[in-house]
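Colleague: Structure incoming, see below.
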Amino acid sequence: STIIQTEGLTKVYGANGTAVHALRGIDLTVEKGEFVALIGPSGSGKSTLMAILGCLDLPTGGSYTLDGRQVQGLSGGDLARIRNEKVGFVFQSYNLLPKASIARNVELPMLYAGVGRRERRERALALLEKVGIADKADKLPGTLSGGQKQRVAVARALANEPALLLADEPTGALDSKTGAEVLDLFRELHRQGNTLLLVTHDPSIAAQAERRVEIRDGLIALAEGVA
Ligand code: ADP
Ligand code: ADP
């Protein structure tokens, strides 16, 4: 089945004289279980596209369907609901809460989704097991290495079993060995059937995805099939 389908997706920032056409007609389809790398030079529109695909922002034109739900034209509240239900995010900067334990950080999206306390704890521990740091559950983020923090962020992103996992430069703050280990984790999640979209400017990272889509000047410049 199809997770992402966009047709003629556009995004214009500002208005009239100062308008910036960040996306100029993106047609993108991602099937369930694919692992796609989104590449392109700085300013090409990658962040803008990620924000729209992740339901953080709305397009100004065209259509976007996420896991069967029409996204364009939604109100802010409906957009937030679809985002919480369908999308898990991993950022370069981890974005963990420093004063909450590792387990509590992973539980947070489940709290918002109304999952009960015991089930939250159980699922958080299972997710931490899956990403290889179950022994850190009751530590604070500040006690972990960068690679370990990113594993926590991945566990948190998976908390509500999202249809789509979006990662924006997830290895950008890591040394190459640790980055490769985090990428191995993404490849394992792909093998397990997760749908992943990863933004990177690093060709060696992009090469490990199943497919690469390159954005230039707000348009898809290259859509490459399975490697
Ligand atoms: P990338 O992630 O590939 O670096 P962006 O999506 O951040 O590209 O930016 C695409 C274009 O849109 C750039 O020209 C950028 O300056 C512009 N842009 C991005 N966000 C905004 C914004 N909030 N307001 C105005 N222009 C923006
Ligand atoms: P990156 O290339 O790492 O995505 P950017 O510098 O493109 O970072 O964007 C950083 C933030 O600034 C984003 O939130 C983006 O939307 C915003 N932004 C980028 N360009 C502009 C702009 N011309 N005007 C206003 N906001 C912008």
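The values are calculated or read from the model by the stated rules, or taken from the named source; none is laboratory data. Everything numeric in this text was worked out from a predicted model, so none of it was measured. Cβ placement follows ideal geometry from the backbone for every residue including glycine, while neighbour counts extend to all protein chains displayed. We work out accessible area using only protein heavy atoms, side chains counted, and drop any ligands, DNA or RNA first. Shrake-Rupley method; radii C 1.70, N 1.55, O 1.52, S 1.80 Å.
Colleague: For the chain, what is the mean residue ellipticity at 222 nm derived from helices alone (per DSSP H run of n ≥ 4: -39500 (n - 2.57); sum divided by total residues; nearest 500 deg cm²/dmol)? Each step should come with its number before you reach the end.
Modeller: Values: 7 runs with 76 residues, N = 227.
Calculated from helices alone, the mean residue ellipticity at 222 nm is -10000 deg cm²/dmol.
Colleague: For the stretch 25-130, run through the trypsin sites (Lys or Arg not before Pro) and keep only the ones in DSSP coil with at most 13 other Cβ atoms within 10 Å of their Cβ.
Modeller: Lys99
Colleague: Using the Cα centre as the reference, give the magnitude of the dipole from point charges on the C-beta atoms of the chain (Lys, Arg: +1; Asp, Glu: -1; all else neutral), rounded to the nearest 20 debye.
Modeller: Numbers: 27 positive and 26 negative charges, 146 e Å.
For the chain, the charge dipole is close to 700 debye.
Colleague: Another question, if that's okay. Calculate, for Gln72 and Thr143, the FRET efficiency according to 1/(1 + (r/R0)^6) with r their C-beta to C-beta distance and R0 45 Å; round to the nearest 0.05.
Modeller: The computed FRET efficiency comes out at 0.55.
Colleague: How much area per residue is accessible in the chain when the probe is 1.4 Å and only protein heavy atoms are counted (Å²)?
Modeller: The answer is 47 Å² per residue.
Colleague: Here is a further query. Residues with beta-carbon under 13 Å from that of Ala137, excluding Ala137: net charge, scoring Lys, Arg +1 and Asp, Glu -1?
Modeller: +4
Colleague: Roughly speaking, to the nearest percent, how much of the chain's 1.4 Å accessible area is carbon and sulfur? Don't skip to the end; give the middle numbers.
Modeller: Values: 5200 of 10720 Å².
C and S atoms contribute 49 percent here.
Colleague: So if we plug the beta-carbon distance of Ala100 and His201 into 1/(1 + (r/R0)^6) with R0 = 30 Å, what FRET efficiency do we get, rounded to 0.05?
Modeller: That pair, Ala100 with His201, gives E of 0.45.
Colleague: On full extension of the chain, what length is gained from Lys177 through Thr18, given 0.36 nm per residue of separation minus the C-alpha to C-alpha distance?
Modeller: Answer, rounded to one decimal: 52.9 nm.
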